[in-house]
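Below is one structure, written out as structure tokens; comments come after it.
Nothing in this text is a laboratory measurement; each read-out follows from the coordinates by a stated rule. These numbers were taken from a predicted model, which means no experiment stands behind them. Here the Cβ is made from the backbone with ideal geometry for all residues, glycine too, and neighbour counts use every protein chain on show.
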Amino acid sequence: YENLVVLGIETSCDDTAAAVVNSHGEILSQVISSQAELLARYGGVAPKMAEEAHALVIDQVVQEALDKANLTERDLTAVAVTIGPGLSLCLRIGVRKARKVAGSHNLPLVGVHHMEAHTLIARLVERELQFPFIALLVSGGHNLLILARDLGHYIQLGTTIDDAIGEAYDKTAKWLGLDMRRSGGPAVEELAQEGNAESVKFKVPMKQHKDCNFSYAGLKTQVRLAIEAKRINADICLASASDEERQARADIAASFQRVAVLHLEEKCERAIDWAVNIEPSINHLVVSGGVASNKYVRARLDEVVNRKGLKLVCPPPSLCTDNGVMVAWTGIEHFRLGRFDPPPPANEPEDAV
Ligand code: KG4
Ligand code: ZN
């Protein structure tokens, strides 16, 4: 295949995203329409509402991605779309759009797994990244350690037994009364810089377990109790809080972050030891997903990886959080190996999907 030009569509959660990428790994365009305002107003994702929000903007987002790339649908080689995991009502909006574009122009279709996309985007960012490698995927809904042996061949080393780290960040932000118009993670990260990370002694989860699994539900509870003990009122926003109260909130944010990330560090070390033992050619740890855009997370994991003699690959924040580029790129990776579906019929009725 000479030069593939692939449109990627992502609608698995609360962002409507599209991008055009070519097989040289050049990002020709990237567009994201976020539902952050809706989320802040209603305090979470309601599937039906998210579906309507996706439906409202999907045509425009895809058109903008094509326009920015100076292309039309006819110039594409294939269309890639996230088919799961995610909210099925939301996924369907993206899949319908992808089938419509592909069907109209006789283009092959590549169905993409959201977590594989978070993983493989690292191979666009770091062209030297070869299989096998280890990946830590940290987002709002997932907390995974995997051994990527080859394209499409992944071994799960660990997962969360309850909540993902991003969920713990989001709840901590909410209970600390931080601005929820954007996702909670960045708000906690920012406030933590003003805090003393040693001031609240949270317990590191799963210390006694000799596996690579995660648990964040207990830490969430510890944070909630600490917030109650300090009588922090989340109805008073941070900007209106007294200096003393602001410091108390920052101390909790910093203490939470230290322990939440320590948990990642410990399990990554264990996973590296285990995986390198069976795959000595491993050179890299990939860290991706929304939480990987956190600077403290990146710095701490970089130290772990250096100690183990490996290299860290962590995509820039815009490619760590949900985006269309990772879907387009994963589509390209699969397409190159002949793994794609034939074009859907033209004029397929919408409710067929
Ligand atoms: O990958 P992603 O965009 O969507 C999912 O697939 O879930 O990840 C979103 C999660 C949210 O929980 C958000 O709070 C978290 O990633 N996140 C962060 C940061 N940026 C996003 N968590 C900590 N620090 C950040 N800077
Ligand atoms: Zn994601």
(request) Please compute the Cα-Cα pair-distance distribution of the range 186-253 with 5 Å bins starting at 0, giving whole percents from short to long. (result) 3, 15, 23, 25, 16, 9, 5, 3, 1
(message) Shape verdict for the range 201-353, please, from the Cα gyration tensor: rounded (a/c under 1.5), prolate (a/b greater than b/c) or oblate.
(response) oblate
(message) Please give the Cα centre distance for the range 179-200 versus the range 248-321, rounded to the nearest Å.
(response) 18
(message) Going Cα to Cα from K97, which lysines come in below 30 Å? Please leave out same-chain ones fewer than 8 positions away.
(response) K48, K68
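Taking 27 Å as the cut-off for C-alpha to C-alpha distance, list the pairs among K207/K311; K174/K230; K171/K230; K174/K201; K220/K311 that go past it.
As for pairs spanning more than 27 Å Cα to Cα, those are K220/K311.
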(message) Per q in 0.13, 0.17, 0.18 Å⁻¹, report the Debye log10 I(q)/I(0) for the range 148-270, using one uniform scatterer on each alpha carbon and no solvent.
(response) -0.53, -0.82, -0.89
(message) Through the Karplus equation 6.51 cos²θ - 1.76 cosθ + 1.60, θ set to phi - 60°, convert the phi angles of the range 276-283 into ³J(HN,Hα) values in whole Hz; use x for Gly and Pro.
(response) 5, 5, 8, 10, x, 7, 5, 10
(message) Can you tell me which of L87, L319, L337 moves the most in a GNM of the chain? Springs connect C-alpha atoms under 10 Å apart.
(response) L337
(message) Please list the three semi-axes, largest first and in whole Å, of the ellipsoid equivalent to the chain, using sqrt of 5 times the eigenvalues of its alpha carbon gyration tensor.
(response) 36, 26, 16
(request) Would you mind ranking F202, F256 so that the residue whose beta carbon has the fewest other beta carbons within 10 Å leads the list? (result) F202, F256
(message) Using only the alpha carbons of the range 267-350, what is the convex hull's orientation-averaged projected area in square nanometres?
(response) 8.3
(message) If the only charges are +1 at each Lys and Arg Cβ and -1 at each Asp and Glu Cβ, what is the size of the charge dipole of the chain around the Cα centre, to the nearest 20 debye?
(response) 740
(message) Treating only the Cβ of Lys, Arg, Asp and Glu as charged (+1, +1, -1, -1), what charge dipole size does the range 183-249 show about its Cα centre? Round to the nearest 20 debye.
(response) 460
(request) Name the long-range amide H neighbours of T160: under 5 Å, sequence gap of 5 or more, or other chain; modelled H, no Pro or chain starts. (result) N143, F214
(message) Which one, W175, F214, A197, is farthest towards the positive end of the dipole of the range 169-225 when Lys and Arg carry +1 and Asp and Glu -1 on their Cβ?
(response) F214
(message) With angles folded into 0 to 90 degrees, how steeply does helix 47-68 sit against the dominant principal axis of the chain? Use alpha carbons for both and round to 10.
(response) 60
(request) Evaluate Rg over Rh across the range 112-181, taking Cα atoms for both radii and Kirkwood's formula for Rh. (result) 1.08
